[in-house]
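Working notes, beginning with the structure itself.
The values are calculated or read from the model by the stated rules, or taken from the named source; none is laboratory data. If you're wondering where the values come from, they're calculated on a predicted model, not measured in any experiment. So basically every Cβ, Gly included, is an ideal-geometry build from the backbone, and we count neighbours across all protein chains shown. For the accessible areas, the whole protein counts, side chains as well, though only heavy atoms, and no ligand, DNA or RNA atoms are used. Shrake-Rupley method; radii C 1.70, N 1.55, O 1.52, S 1.80 Å.
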Amino acid sequence: LRQLKEANDSGGIPMRILGQDKKVKVWIHIMVGDISGNNSLLGSFNNPNVTCPYRDCGCTKEDFVDPTSTCTFIKKADIDQLKQQNDIAGLKAVSKHNIVNAFDIIPTGDPVDTIYLSTPPETMHAIDAGIIPRMIQTIGDGFKRKQVAAAMHNLHLLLVSGHARQSERDLPRPSQRNHLLETTKTQATENKGNLFLLLCALHTQMGISAADAAGIKPSERKGKITTIKMILAVEKWFNRRNRRSDIDDTTKINAFVRTVLIPNLQKYFPRETGQQWMFPKVHSLTKFDKFIQAFGSGINFYGGFGESHLK
């Protein structure tokens, strides 16, 4: 970061472009990462139980699942004012550390709010590695019964073998290394593939019989199917090329996420332990539309490409 600042302060990096001597200035457009890493970049508390668990807004965890709540982004000027006044209580109220942030003097894509509006959520961490594993884990305790679990696993293996023979090559890749409901040893994209096959399984006669044996009512099974379709469709919408008119007016997608998708997660995939569905990755679903307006399709800030180079 220091070298980046020094290069820009000196007028830029000397380069010869198309036969002409130029000086190129470089800035950080966006930072892509997981919740904990981005929290550190913004100087936010890395704790889901603080007043403002999400790094770039003032929402409480109760606001994450409140369909009537309004999300307001944090402004750099407000944080700077609290730091100048050494207002420790004020900083704690917005869950920020009283530190000198290096990004205050580093050129970024947003010269006004700098890093505070430069850390968009992305679907691999938020959905594939965050929401989807929790959906699979909470599909229903009845599916964990020995005979039901064995039936679902056998059905999953049958679907995996047929998956490889599909002519449609854009289907998410599943995993058969572990049991379908075992998500701790599965990669993020494989979680998505497994959820897709779970969707297929619940349409089959074997899957319907397993759901009945697990104590899942037909209406609940249909609700789970609908919710799985919703999360897979939303993930697809975030990462595809959309019409400009859909991006300019995001009221429909935002209302759908807040009033339909998140309530469906709570109803058909109930989580009684931990933070339930009140955790930052769920709240990130309501932010994609704003960052897509700023940076284009979500594929532009998808984290999977960089993650694969770490292996």
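In this structure, is residue 149 on the phi < 0 side of the Ramachandran plot, open to solvent by 10 Å² or more (accessible area, probe 1.4 Å) and either of a type outside the set (Asp, Glu) or within 22 Å of the chain's Cα centre (by Cα) (or both)?
yes
Hey, does the range 189-208 have a residue that's among the basic types (Lys, Arg), open to solvent by 30 Å² or more (accessible area, probe 1.4 Å) and assigned to a loop (DSSP other than H, G, I, E, B)?
So far as the range 189-208 goes, no, none of its residues is among the basic types (Lys, Arg), open to solvent by 30 Å² or more (accessible area, probe 1.4 Å) and assigned to a loop (DSSP other than H, G, I, E, B).
Condition (residue is of a type in the set (Val, Ile, Thr) and closer than 29 Å to residue 260 by Cα) applied to the range 27-45: is it met by at least one residue?
Yes, there is a match, as at least one residue in the range 27-45 is of a type in the set (Val, Ile, Thr) and closer than 29 Å to residue 260 by Cα.
So, in the range 38-48, exactly how many residues are at pLDDT 90 or above and surrounded by fewer than 17 Cβ atoms within 10 Å (Cβ to Cβ)?
The number of residues fulfilling the criteria is 2.
Yes or no: the range 259-274 includes at least one residue that is closer than 18 Å to residue 30 by Cβ and under 15 Å from the mean Cα position of the chain (by Cα).
Within the range 259-274, not a single residue is closer than 18 Å to residue 30 by Cβ and under 15 Å from the mean Cα position of the chain (by Cα).
Restricting to the range 222-233, and then to whatever is free of Cβ contacts under 8 Å to residues at least 60 places away in the same chain and closer than 18 Å to residue 259 by Cβ, can you tell me which residue is least open to solvent (accessible area, probe 1.4 Å)?
By that ranking, first place goes to 223.
Counting only residues that are within 26 Å of the chain's Cα centre (by Cα) and loosely packed, with under 12 Cβ neighbours inside 10 Å, which one in the range 68-108 is farthest from residue 261 (Cα to Cα)?
Here the residue is 72.
Report yes if residue 155 is in a loop (DSSP other than H, G, I, E, B) and in contact (Cβ under 8 Å) with a residue 12 or more places away in the chain, otherwise no.
No, not satisfied.
Determine if the range 240-252 includes at least one residue that is at pLDDT below 90, among the β-branched types (Val, Ile, Thr), over 16 Å from residue 133 (Cα atoms) and out of contact with any Gly (no Cβ under 9 Å at 6 or more places or on another chain).
Taking every residue of the range 240-252 in turn, at least one turns out to be at pLDDT below 90, among the β-branched types (Val, Ile, Thr), over 16 Å from residue 133 (Cα atoms) and out of contact with any Gly (no Cβ under 9 Å at 6 or more places or on another chain).
Regarding residue 169, is this residue part of a loop (DSSP other than H, G, I, E, B), surrounded by fewer than 19 Cβ atoms within 10 Å (Cβ to Cβ), under 19 Å from the mean Cα position of the chain (by Cα) and on the phi < 0 side of the Ramachandran plot?
no
Step by step: first the residues of the range 1-53, then only those that are in contact with an Asp or Glu (Cβ under 9 Å, 6 or more places away or on another chain) and assigned to a helix (DSSP H, G or I), then the one that is nearest to residue 107 (Cα to Cα). Which residue is that?
Taking the candidates together, the pick is 42.
Identify the residue in the range 237-257 that is open to solvent by less than 70 Å² (accessible area, probe 1.4 Å) and among the polar types (S, T, N, Q) and, among all such residues, is nearest to residue 227 (Cα to Cα).
254
Is it fair to say residue 10 is of a type outside the set (A, V, I, L, M, F, W, C), open to solvent by 40 Å² or more (accessible area, probe 1.4 Å) and under 17 Å from the mean Cα position of the chain (by Cα)? Steps first, answer last, please.
Details: of a type outside the set (A, V, I, L, M, F, W, C): yes; open to solvent by 40 Å² or more (accessible area, probe 1.4 Å): yes; under 17 Å from the mean Cα position of the chain (by Cα): no.
When the stated conditions are applied, residue 10 does not pass them.
Mind listing whichever residues of the range 258-277 are touching a Phe, Trp or Tyr at 6+ places or on another chain (Cβ under 8 Å) and open to solvent by 40 Å² or more (accessible area, probe 1.4 Å)?
266, 271
Which pairs have Cβ atoms under 7 Å, sit 6 or more apart or on different chains, and link a residue in the range 40-55 that is over 22 Å from residue 102 (Cβ atoms) and without any contact (Cβ under 8 Å) to a residue 60 or more places away in the chain to one that is open to solvent by 10 Å² or more (accessible area, probe 1.4 Å) and outside any loop (DSSP other than H, G, I, E, B)?
As it stands, the answer is 51/93, since those pairs meet every condition given.
Could you say whether any residue in the range 155-165 is closer than 30 Å to residue 30 by Cβ and out of contact with any Phe, Trp or Tyr (no Cβ under 9 Å at 6 or more places or on another chain)? Explain how you work it out, then say what you get.
Kept after step one, since they are closer than 30 Å to residue 30 by Cβ, are these residues of the range 155-165: none.
No, because not a single residue in the range 155-165 is closer than 30 Å to residue 30 by Cβ and out of contact with any Phe, Trp or Tyr (no Cβ under 9 Å at 6 or more places or on another chain).
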